Amino acid sequence: LMRTKIPDGLQKLPGPKPLPIIGNVLEVGSNPHLSLTAMSKCYGPVFQIQIGTRPVVVLSGNEVIRQALIKQGEEFSGRPDLYSTRFISDGKSLAFSTDQVGVWRARRKLALSALRTFSTVQGESSEYSCALEEHISKEGLYLIQRLHSVMKSDGSFDPFRHIVVSVANVICGICFGRRYSHDDDELVGLVNLSDEFGKIVGSGNPADFIPLLRIFPSASMKKYLAINTRFSKFIQKIVSDHYDTFDKNNIRDITDSLIDHCEDRKLDENSNVQVSDEKIVGIVNDLFGAGFDTISTALSWAVVYLVAYPEIQERLQAELKEKIGMDRTPCLSDRTDLPLLEAFILEIFRHSSFLPFTIPHCTSKDTSLNGYFIPRDTCVFINQWQVNHDPELWKDPSCFNPDRFLSADGTDINKPEGEKVLVFGLGKRRCIGESIGRAEVFLFLAILLQRLKFSGMPGEMLDMTPEYGLTMKHKRCLLRVSPQPGYAS
Ligand code: HEM
């Protein structure tokens, strides 16, 4: 506050008047994506709120967000020092920590190249185009068997509970060279805790900003601390097994390739940046965490939308039947032939906006945006939900309508329309798993839809209200599934 002397020609940020001690916590409330979208209508695309005594700048609108994250990317690519993120991967996370820019850049480059290498490499069987396709195909088919057997024994299934294990197995295959059974208590228990994680690290958690709230941690906060410890232990065990069996001539997976990198010590030769072994091998924490939670949330929403919109489910099944038939399993290269499925996925991303804000950003130096002065080290929230529901960009934004992404004759995707959807962030901090994420959501859905028909429980209403968090989930629910004609269970 002492530093807020505003340079000539720039203006003070607009925003609601804060109360002493708590700031605007009450107005932000428990659904910040909605309250901050409403505030943007009043204060414009760049405004300031205060959480506790700390100012936070909130960005909305396609143009302003592009200006900040792309054109002024350098100034807006930091991460703020928030209380909850200190507990993620012992404060050493690639995505959340306040690493200096050189260290973050070197780690990000390494993570990107490891992901690219181990998803595009040839898998065990030449039947598949790459390892990623092989993992998804096999897990998709296991998931179908699993759902049939749960239906037989229970008469219904909880979509997130089973999908998350299949999705976690794909990233486990790439990162750790192994998969887990759907009955493995350790993995199943761990991945089913991600709702609690997301609730604490979602943008706008008051405990991140108001130290007083940490004296008596909430039940959620206690669970959160326990989840982080459990998560780290799980990964540490796998990493130490990899160190024990490491063979330089046989790099099995991403963990091995990161260990190998530490041995070579050739990280970013040009930049002289020293990154500890722990921070290099620790990259698998981020890849595993980001790789299962986001995709399983997307797929679980997709299944719920299929049930809520049965006529769209039927159209999707007809498209699969016509373009792929029933004699072979869909594959990644079918993507361009299934425009309705692509449009459905884009509309799920847009309508659910299940990542309502990016991970919080932070300014790396004094800067300005739209004529407003923003000091260095200011926490910045990027409201993706607002962009995806902006009536300036979308006709009837609250209506779920995949056709908005199809060309007029329905045979192709309208690319510029698809590019307006904001779920992976933009610019320097843009998601590094985007192509894996899009491929995985597509192929899992194609495989499931080819063989299964999803429906709700008779007489029960589906509750589609999202629960706020870093990734917003639908409420846990029970659904039913039956085989498509031509496929016995
Ligand atoms: C960051 C979305 C899948 C790894 C992010 C961010 C978003 C996002 C919004 C934050 C961007 C920002 O702060 O501006 C998604 C969605 C996914 C997905 C919607 C799936 C549908 C994945 C996968 C991986 C991954 C599969 C890895 C295997 C990461 C990492 C970061 C990140 C490491 C941090 C990047 C950084 O801070 O430099 N993702 N993601 N994501 N994502 Fe993803």
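Any read-out appearing in this document is the output of simple, stated calculations on the displayed coordinates, not a laboratory observation. As the structure is a computational prediction, the values presented were derived from the model and not from experiment. Heads up, the Cβs are rebuilt from the backbone with ideal geometry, glycines too, and the neighbour counts pull from every protein chain shown.
Brief remarks follow.
- Calculated on alpha-carbon atoms, Rg and Dmax of the stretch 316-360 in Å: 14.0, 46
- Residues M464 and S129, FRET efficiency given R0 of 22 Å [Cβ-Cβ distance, rounded to 0.05]: 0.05
- Using θ = phi - 60° in the Karplus curve 6.51 cos²θ - 1.76 cosθ + 1.60, the 3J(HN,Hα) couplings for the stretch 19-33 round to 7, x, 6, 8, x, 9, 3, 5, 5, 5, x, 9, 10, x, 5 Hz; x is entered for Gly and Pro.
- Taking the C-alpha atoms of the stretch 266-377, convex hull volume expressed per residue in Å³: 223
- The stretch 225-363: relative contact order as a whole-number percent, Cα under 8 Å and 6+ apart: 17
- Inverting the pair-averaged 1/r between distinct Cα atoms of the stretch 348-404 gives 13.3 Å as its Kirkwood hydrodynamic radius.
- For the chain, the longest piece that avoids every one of the GluC sites (Glu not before Pro) found in DSSP loops with at most 15 other C-beta atoms within 10 Å covers 128-268.
- Globularity index of the stretch 210-320, i.e. its alpha-carbon radius of gyration over 2.2 N^0.38 Å: 1.60
- Unit charges at the beta carbon, dipole of the chain: most positive-side option, W104, F118, L320: W104
- Modelled spin-label separation between V273 and R86, with each label point placed 7 Å from Cα along the Cα-to-Cβ direction: 2.4 nm.
- Theoretical gain in end-to-end length, K109 to Q145 [0.36 nm per residue, Cα-Cα removed]: 9.2 nm
- For the stretch 343-382, trypsin sites (Lys or Arg not before Pro) are listed when DSSP marks them as loop and at most 15 other Cβ atoms sit within 10 Å of their Cβ; the list is K365, R376.
- Positive dipole terminus of the chain, leading residue within L478, P32, I70 (C-beta point charges): P32
- Near I51, the amide H atoms lying under 5 Å from its own belong to N24, V56; only residues 5 or more places off or on other chains count, and H is placed 1.01 Å from N.
- Tally of Lys pairs whose C-alpha atoms are under 26 Å apart, taken over the stretch 148-291, 8 or more apart or cross-chain: 18
- Computed magnitude of the charge dipole of the stretch 18-120 (debye, nearest 20; Cβ of K, R +1, Cβ of D, E -1): 400
- Remark: spin-label model distance E74-I6 equals 2.6 nm, labels positioned 7 Å along the Cα→Cβ axis.
- Here K92 is the anchor, and the aspartates and glutamates within straight C-alpha reach of less than 13 Å, apart from those fewer than 8 places off in the same chain, are D81, D277, E278, D286.
- For the stretch 350-489, projected area of the alpha-carbon convex hull averaged over all directions, nm²: 12.2
- Extent along principal axes [Cα atoms of the stretch 422-474; Å; largest to smallest]: 48, 30, 12
- Cβ-derived FRET efficiency at R0 35 Å, K233 paired with D337, nearest 0.05: 0.20
- Gain upon complete extension [L212, D403; 0.36 nm per residue less C-alpha separation]: 63.9 nm
- Note on the stretch 1-60: Cα-Cα pairs beyond 18 Å make up 34% of the total pair count.
- The calculated FRET efficiency for the pair Q484 and R54, based on their C-beta separation and a Förster distance of 56 Å, comes to about 0.60.
- Over the chain, DSSP H runs of length four or greater, each weighted -39,500 (n - 2.57), average out per residue to a 222 nm ellipticity of -14500 deg cm²/dmol.
- Fraction of the pair-distance distribution of the chain above 32 Å, Cα-Cα pairs, percent: 42
- Here the 3J(HN,Hα) profile of the stretch 147-156, calculated from phi with Karplus coefficients 6.51, -1.76 and 1.60 at θ = phi - 60°, is 5, 4, 6, 5, 4, 4, 7, 10, x, 6 Hz, Gly and Pro shown as x.
- Net charge dipole size for the chain [Lys, Arg +1 and Asp, Glu -1 on Cβ; Debye, nearest 20]: 1320
- The label point for S455 and the one for L225, both projected 7 Å from the Cα toward the Cβ, are 4.9 nm apart.
- All lysines inside 30 Å of K323 as judged from Cα atoms, apart from same-chain residues fewer than 8 positions distant: K138, K395, K415, K420, K453
- Here the stretch 172-289 is treated with +1 on each Lys and Arg Cβ and -1 on each Asp and Glu Cβ, and its dipole about the Cα centre works out to around 520 debye.
- Proximal aspartates and glutamates to K41, defined as alpha-carbon separation beneath 18 angstrom and excluding residues fewer than eight positions away on the same chain: E27, E63, D390, E392, D396
- Of the residues G44, I6, F349, the one whose Cα sits farthest towards the positive end of the charge dipole of the chain is I6 (charges of +1 on Lys and Arg Cβ, -1 on Asp and Glu Cβ, taken about the Cα centre).
- Distant-in-sequence amide contacts of K473, defined by a placed amide H-H separation under 5 Å and a gap of 5 or more residues or a different chain, comprise E467.
- Here the contact order of the stretch 1-76, divided by its residue count and restricted to Cα pairs under 8 Å and six or more residues apart, works out to 26 percent.
- In the calculated pair-distance distribution of the stretch 1-114, the portion above 24 angstrom amounts to 40 percent of the Cα-Cα pairs.
- Taking θ as phi - 60° and the Karplus parameters 6.51, -1.76 and 1.60, the scalar couplings of the stretch 118-124 work out to 7, 9, 9, 4, 5, x, 6 Hz in sequence order, x denoting glycine and proline.
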